[in-house]
Amino acid sequence: MQKINWYSGMAVFGGCLLALMIHLNSQLALGTTGLSASWFAHGIGAITAWILLSILGPKRHAVEIDERKAPRLFYLGGIPGAFTVILASITVNSSIGLSGTLALGLIGQLIFSLICERFGWLQLEKKTFSIVDFVPIVLIVLGSILLIYARV
Amino acid sequence: MMTIYILIGLLNGVCIALSRILNGQLSGYQGAFKASYINHIGGFCFLSLMALLLLSPPQFAPASEGLMYAGGVIGALYVAINSVVITKLGSTSAIILVISGQMLFSLLLDTSSHNPDSLLMKIAGVSLIIIGMTIKELLRQNSVKLQKQNQE
């Protein structure tokens, strides 16, 4: 039995942070609006990242750096990230509700990521997926949907 | 009308994945914290523009709710971690593990509902996610082993 991969553990930990962040931001949104809550979260996030960057220095991280210039598109990740606030505020208040928004969000993420990796879009490493690869994906999606709908 | 909301819900997921992949790719050129900084600045500018267009100026939450602003701090860390794991594990694997962590941890955070009817759903959901994660890790270990054998 090999050791559990360090990066797999880090991804799960990242998911815990994401849940905590959404929890705090949605409490902030209750007092104000989704847009203001996310505006503050992004502003404070930018300041925090800048502080971390100045303490740790630009080159301290686990990723090998490519010294060439990054394609311009790669700088725009914040925009679709922030746009989700607007999209979610439409669907949460519609007939599909919070649960539907969360469940469809998971499915949309996975479909898009699978297509990008399959065809090597956005300079991702090309991958072929076998039926076996879908077993954990399907189990985790079903489990997540059960948890999402158990909350209502 | 329902179909439109379903499509918006899926588009929401596409935007989340697109944002995560672009940040991951940027971190390969700029490092994880710089990528997180650029992501938050981009999102902040976009939301500022939206606030202007929608004529809804950001509202301050009462000072006693200052702790909620911690969401932004956690967001800066989350984006950095997410960029590292996307480059190391590939986007679909990273996304599925982040979702697992997110779902399990939000169950712990959610103290509002103690409906006994949903207990069974929660147990089933958690079990499916944990089984899925285990299979995912076993598959990864297996593919690492096969790669080593091929190299020998």
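The values are calculated or read from the model by the stated rules, or taken from the named source; none is laboratory data. On a predicted model such as this, the values are computed, not experimentally measured, just so you know. All Cβ positions, even for glycine, are placed from backbone atoms using ideal geometry, and neighbour counts span all protein chains on display. Only protein heavy atoms, including side chains, enter the accessible area calculation; ligands, DNA and RNA are left aside. Shrake-Rupley method; radii C 1.70, N 1.55, O 1.52, S 1.80 Å.
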(request) Could you please tell me which pairs satisfy a Cβ distance under 7 Å, a separation of 6+ or placement on different chains, a first residue in the range A:127-140 that is basic (Lys, Arg), and a second residue that is open to solvent by less than 50 Å² (accessible area, probe 1.4 Å)? (result) A:Lys127/A:Glu117; A:Lys127/B:Gly90
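Quick grid of which residues meet (1) among the aromatic types (Phe, Trp, Tyr); (2) within 30 Å of A:Arg151 (Cα to Cα); (3) free of Cβ contacts under 8 Å to residues at least 24 places away in the same chain; (4) open to solvent by 20 Å² or more (accessible area, probe 1.4 Å):
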position: B:Cys15; (1), (2), (3), (4): no, yes, yes, no
position: B:Asn23; (1), (2), (3), (4): no, no, no, no
position: B:Cys45; (1), (2), (3), (4): no, no, yes, yes
position: B:Leu53; (1), (2), (3), (4): no, no, yes, yes
position: B:Ala70; (1), (2), (3), (4): no, yes, yes, yes
position: B:Ser83; (1), (2), (3), (4): no, yes, no, no
(message) If I ask for residues that are touching a residue at least 12 places away in the same chain (Cβ under 8 Å) and facing chain B (nearest Cβ under 7 Å), which ones from the range A:86-104 would you list?
(response) A:Ile86, A:Ala88, A:Thr91, A:Thr101, A:Leu104
(request) Test A:Tyr7 against the stated conditions and say whether it is within 21 Å of the chain's Cα centre (by Cα) and at pLDDT 95 or above. (result) no
(message) I'd like the residue in the range A:72-118 that is over 24 Å from A:Ala46 (Cβ atoms) and outside any helix (DSSP H, G or I) and, out of all such residues, is most open to solvent (accessible area, probe 1.4 Å).
(response) A:Asn93
(request) Just one of (1) within 7 Å of chain B (Cβ to nearest Cβ); (2) within 20 Å of B:Val84 (Cβ to Cβ); (3) out of contact with any Lys or Arg (no Cβ under 8 Å at 6 or more places or on another chain); (4) open to solvent by 40 Å² or more (accessible area, probe 1.4 Å) trips up A:Lys127, so point out which. (result) (3)
(request) Can you tell me which residue within the range B:44-73, out of those that are part of a helix (DSSP H, G or I), farther than 20 Å from A:Pro80 by Cβ and hydroxyl-bearing (Ser, Thr, Tyr), is modelled with the lowest pLDDT? (result) B:Ser64
(request) Find the residue count for the range B:87-126, including only residues that are in a helix (DSSP H, G or I), free of Cβ contacts under 8 Å to residues at least 12 places away in the same chain and out of contact with any Gly (no Cβ under 7 Å at 6 or more places or on another chain). (result) 14
(request) Return only the number of the condition from (1) closer than 12 Å to A:Gly143 by Cα; (2) over 18 Å from the mean Cα position of the chain (by Cα); (3) buried (at least 17 other Cβ atoms within 10 Å of the Cβ) that B:Met133 does not satisfy. (result) (2)
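Sort through B:Ala76, B:Ala70 and tell me the only one that's within 17 Å of A:Ser36 (Cα to Cα) and within 7 Å of chain A (Cβ to nearest Cβ). I'd like the intermediate steps shown before the answer.
Numbers: B:Ala76 fails: within 17 Å of A:Ser36 (Cα to Cα).
It is B:Ala70.
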(request) Please specify each residue of the range B:1-43 satisfying the condition of being more than 7 Å from chain A (Cβ to nearest Cβ) and either modelled with pLDDT of 95 or more or assigned to a helix (DSSP H, G or I) (or both). (result) B:Thr3, B:Ile4, B:Leu7, B:Arg20, B:Gly24, B:Ala35
(request) Give me a count of the residues in the range A:126-143 that are modelled with pLDDT under 95 and within 19 Å of the chain's Cα centre (by Cα). (result) 0
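So which of A:Ile107, A:Ile111, A:Ile148 ends up being in contact with a Gly (Cβ under 9 Å, 6 or more places away or on another chain) and either facing another protein chain (nearest Cβ under 7 Å) or charged (D, E, K, R) (or both)? So that I can check it myself, show each step before the final result.
Working: A:Ile111 fails: either facing another protein chain (nearest Cβ under 7 Å) or charged (D, E, K, R) (or both); A:Ile148 fails: either facing another protein chain (nearest Cβ under 7 Å) or charged (D, E, K, R) (or both).
Residue meeting the stated conditions: A:Ile107.
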(request) Tell me which of these A:Lys69 doesn't satisfy, since it passes every other one: (1) more than 7 Å from every other protein chain (Cβ to nearest Cβ); (2) part of a loop (DSSP other than H, G, I, E, B); (3) open to solvent by less than 30 Å² (accessible area, probe 1.4 Å). (result) (3)
